[in-house]
Amino acid sequence: MQNNFETAISLLKKGKAPGNDQLIAELTVGVDFLSNFWVDKYLREYISEGGSKIKFVTGNSGSGKTHFLELFMSHAKNENFITISFSAKDIWIHDFKEVYLEILERSDFLNCLKKCSEQIVRDLGFSPDDIPEGMTFVDYLSSIGQMDVITKREIRFLLNKTFLQNPLIDTNFALCCSLLTGGILGHPTLEDHNKGLLMGWLSCSREVTIADIRRLGFSPSKITKYNARHMLRSLSEIVRIAGFNGIVIAIDDLDILTNTNSLEEIRYTKMRREDAYESIRELIDEIDTLKNIMFIFAFGRSLIDDDFRGIKSYQALWMRIQNEIDSERFNRFTDIVDLDKLAMQEYNVKVILEMSQRLAKVLNVCPINEECAQNLIDRTNFGQISLPRQVNEATIGGTANG
C-alpha cells in the first residue's frame, strides 16, 4: 500500500493523474461539477435502469482528462458498477474483438458467474452463506440430506431460465454460461478440461477449435470484430444478473490514432485508423441494443483539430458525434465534453486557490497566492497548456514547507 501511495505521489509531481482513488477524491476541485452530474443522471438513473451511453472527453495537454476518468470510475465503482479502464496505446481499437476481449478479461467473468450461481441458490430457498468454503451447492445439499432428483431438475430449470431463455444473451454464450455456472453449483458436473475449452472459446484462444466446442453440444462460430458487440451485450447482461448495475468502460489516449511523431512507432496506418473510426461509428449505431453499459473515450484536441487524420476526416463518425448547437455555457449533457471549456466556466480564483492548496498539502509544498491564480486564468486563453496543468506546475514549483 505504501509503495502504491509513493507511486501516486511521484505521478503527481510529474503532472499526471495519481491512479489512486483516495488522492483523486482529495485533489478534485471544479470538475466534480460534471462528474457528480454524470453520477446522478447516468449511473444512478439511466444506465442502472437498462440504458447505454457513449461519451467523449477532450481538452488540451494537462486539462485533466485522465484525472476525470479516474474520478468518474471511482464513483462508478462505488455505485456498484464493474469498471474497466485501458489505453488505446495498449489495445487495438480498430478491431472491436480486441476491445471485447480486454473487457472480458478485466470483468472477472468467473466471479460474475459465481454471483449468478448464488442467485440460483437463493431462488431455490437456500442461503449461499451456509455453503462451506470449497464445497459445491450440490455437495452441501447431499451433506444435509436434501439432494434428490427433483432438486437437480430445478437447478437445470433455473439455469435454462437464467441464461438460455434470456433474449439478450447470444445462444452459444448462454450455453457456455449455463455449463460453467452448473459446474460451480455442482450440477451438471463440468470437467476441468471442458471448462478450459469453454473459457478458451469465450476468450478466442487459438488452442480451442470449433470442432472441440461442437463436442460439448455447441454450434458456434468464432468471435470476430463483426459479432464482438453482440458478445459484449451478452456479457453486460451476465453482469446485471450477477447483481451489478452495469459496466463502465473508459478508453484513454484515443488521440494515438493521429500520432505522427517520427520518434515513436506509428501504430495506426491510414487503413487501421479508418477501421478504428468505423468501429466506433458502429458502436454508436448499435449502442441502443446494449444494456447497462457506458463507454467513455478520452483524447487530446488533435483528434478533432486535425482535419486530415482526426475524426473530421471520417464523416460517417463525425456526423454522429458533433454538437449541433454550440452554446456559450457548458452543457453537462453534451456527448463531446471539452474540459478546457468547463475550466473557463467553473475555475475562478477561489477554485484555483483551493486546487493548489489541496495539491500543496499532499506534496508538502507552498500553494500559490491569489495574484498567481489570477495570472494563470488571464493567460489560459493564450497558450496550449490547460489551466489545471498550469496550476499543478505553479504549485509544484513552490518552496517545500518546514
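The values are calculated or read from the model by the stated rules, or taken from the named source; none is laboratory data. Just so it is clear, the model here is predicted, and its values are computed rather than measured. Here the Cβ positions follow ideal geometry from the backbone for every residue, glycine too, while neighbour counts run over all protein chains shown. For the accessible areas, the whole protein counts, side chains as well, though only heavy atoms, and no ligand, DNA or RNA atoms are used. Shrake-Rupley method; radii C 1.70, N 1.55, O 1.52, S 1.80 Å.
Take the conditions open to solvent by less than 20 Å² (accessible area, probe 1.4 Å), of a type outside the set (Lys, Arg) and over 28 Å from residue 250 (Cβ atoms) and apply them to residue 343. Does it pass? No: the conditions fail for residue 343. Pairs are defined by a Cβ separation below 7 Å, a sequence spacing of at least 6 or placement on different chains, a first member in region 20-36 that is surrounded by 15 or more Cβ atoms within 10 Å (Cβ to Cβ), and a second member that is at pLDDT below 75 and in a helix (DSSP H, G or I); the pairs so defined are 20/4; 20/5; 20/8; 23/8. The test for being farther than 30 Å from residue 65 by Cβ and either surrounded by 18 or more Cβ atoms within 10 Å (Cβ to Cβ) or modelled with pLDDT of 95 or more (or both) holds for residue 119.
Listed here are the residues, each with its yes/no results for (1) part of a loop (DSSP other than H, G, I, E, B); (2) closer than 30 Å to residue 202 by Cα; (3) modelled with pLDDT under 90.
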| position | (1), (2), (3) |
| --- | --- |
| 4 | no, no, yes |
| 10 | no, no, yes |
| 45 | no, no, no |
| 56 | no, yes, no |
| 89 | yes, yes, no |
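Among what's in region 238-259 and is assigned to a helix (DSSP H, G or I) and open to solvent by 10 Å² or more (accessible area, probe 1.4 Å), pick the residue that is farthest from residue 67 (Cα to Cα). The residue in question is 241. Screening residue 322 on (1) in contact with a Lys or Arg (Cβ under 8 Å, 6 or more places away or on another chain); (2) open to solvent by 40 Å² or more (accessible area, probe 1.4 Å) shows it passes everything except condition (1). Within region 341-351, the set of residues being more than 28 Å from the chain's Cα centre (by Cα) and closer than 14 Å to residue 32 by Cα comprises 351 only.
Residues that are assigned to a helix (DSSP H, G or I), among the aliphatic types (A, V, I, L, M) and modelled with pLDDT under 90 within region 179-231 comprise 210, 211, 213, listed in sequence order. The set of residues from region 67-102 being more than 12 Å from the chain's Cα centre (by Cα), buried (at least 20 other Cβ atoms within 10 Å of the Cβ) and within 20 Å of residue 311 (Cα to Cα) comprises 88, 93, 94, 96. Among the residues of region 160-169, are any open to solvent by 50 Å² or more (accessible area, probe 1.4 Å), under 23 Å from residue 194 (Cβ atoms) and hydroxyl-bearing (Ser, Thr, Tyr)? Among the residues of region 160-169, not one is open to solvent by 50 Å² or more (accessible area, probe 1.4 Å), under 23 Å from residue 194 (Cβ atoms) and hydroxyl-bearing (Ser, Thr, Tyr), which makes the answer no.
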